[in-house]
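Right, one structure below, let's go through it.
Every number here is computed from the coordinates shown, using simple stated rules; none is lab data. From a predicted model like this one, the values you see are computed outputs, not experimental measurements. Here the Cβ positions follow ideal geometry from the backbone for every residue, glycine too, while neighbour counts run over all protein chains shown.
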Amino acid sequence: MSILIFLINLIQKCRHDEVFDRAAGLTYRVLLAFFPFLVFLMALVGFMQLDMDGVMRSLYRVMPADASMVVTDFLEELSHAQSRGLLSSALFFAVYNTSNGFRAVIRCANRAYGVNDPRPMWRRVLISFGLMLLFTFSIIFMAGVLMFGADIWAYFLPYAPVVLFNVTRILGSLFILTFTTMLIYKFSCATRLRLRDVLPGAALTVAGWTVASALFGFFITNFTQYPAVYGSIAGIFILILWLNLICIILLIGNEFNALLWAQVRPDRKQFTSTRHIM
C-alpha cells in the first residue's frame, strides 16, 4: 500500500511542478543545443584522435532510425564545410547552447526540491559548463567501452565466452550513464545532496531511457506513418518527440529523488508543506 501511496504522491508532485510543461521548454533548449553539441563532440573527438564513426554508432544505438538519419545528414554536410571561421563560430555556439541547456536542467532541479538557488550567476554558468563536459566525456567513454572493450576483454580473459563479454559491455555502459546522471542530479540542485540521495532517480531515469527509447523506436517503425504525413521533415519531428520523451524521464527521475529526499530529511515537513502530497 505504501508503494501505491508513493506513486500517487509522485504523480501529484509532477503535476504540481508542471513536469510536462517544463519538459516541453527543456526540449526546446535541448533541441537548440543538440546539433551544436554534435559539433562540439566532433571537435573534441577529433582532438583526441578517436574514431568519430564509432562514437556516433554508439549514439545511434539509442536513437530512432529516422532521427539518426537526420544526424547523419547533418554531420555529412558539416564535414564538407571548408570555412575554418564557420566551424569556429559553430563551436562557440555549441558550447553556449549546450551549457544553456544544462542551466535549464539546474532550474528544473531546484524547482523539484522547492528551493531558490542562492548561487551566483557565474557559478551556475561554470556548473552548467562542467556538466556539459561531464556528459560529453561520458558519451566518449561509453563509446570507447563499446569499441575497444573486445580487445581489452581478449587481453585479460581470452578464453571467456562472448556472451559474458556482451553482458559486461552493456552493464558497463549503463553504469557509466547512471553515474553521469547521478552527478548531473547532484550538482544541478542548490541543496547539498549525497550520491546515495540521487542514486534511485538516476537508476530509474536510465532504465526509463533504455526501455522508452526501445519502445519508441519500435512504435515509430511499425505503427506510424510519419514519413507519409510529414515527408522530408519526418526525421526532425521524430527527433523532437524522442528528445521530449528523454526530457520527461529526466525530470521525473529528479522528482522521484526529491520526493524520497523529503521523506528522510528531518526538515521534510517544511519541504512538503507547499506540496499536494498525501
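Around ARG124, what is the net charge, scoring Lys/Arg as +1 and Asp/Glu as -1 over all other residues with Cβ under 10 Å from its Cβ?
On the way: positive: ARG103, ARG107, ARG119, ARG123; negative: ASP117.
Around ARG124, the charge tally is +3.
At a Förster radius of 30 Å, what calculated FRET efficiency corresponds to the Cβ-Cβ distance of TYR60 and ARG123, to the nearest 0.05? Numbers along the way, then the final one.
Working: r = 35 Å, r/R0 = 1.18.
The computed FRET efficiency comes out at 0.25.
Skipping prolines and chain starts, which residues have an amide H placed within reach, meaning under 5 Å, of the one on GLU18, given they are 5 or more residues away or on another chain?
none
What distance in nm separates the two pseudo spin-label positions at GLN263 and GLU18, each 7 Å out from Cα along the beta-carbon direction?
With each label point 7 Å from Cα toward Cβ, the separation is 2.7 nm.
What is the calculated FRET efficiency for THR136 to ILE3, with r their C-beta to C-beta distance and R₀ = 35 Å, to the nearest 0.05?
0.40
How far, in nm, would the chain grow between THR210 and LEU241 when pulled straight, counting 0.36 nm per residue and subtracting the alpha carbon separation? Before the final figure, lay out each step's value.
Values: separation 31, 0.36 × 31 = 11.16 nm, distance 1.54 nm.
Answer, rounded to one decimal: 9.6 nm.
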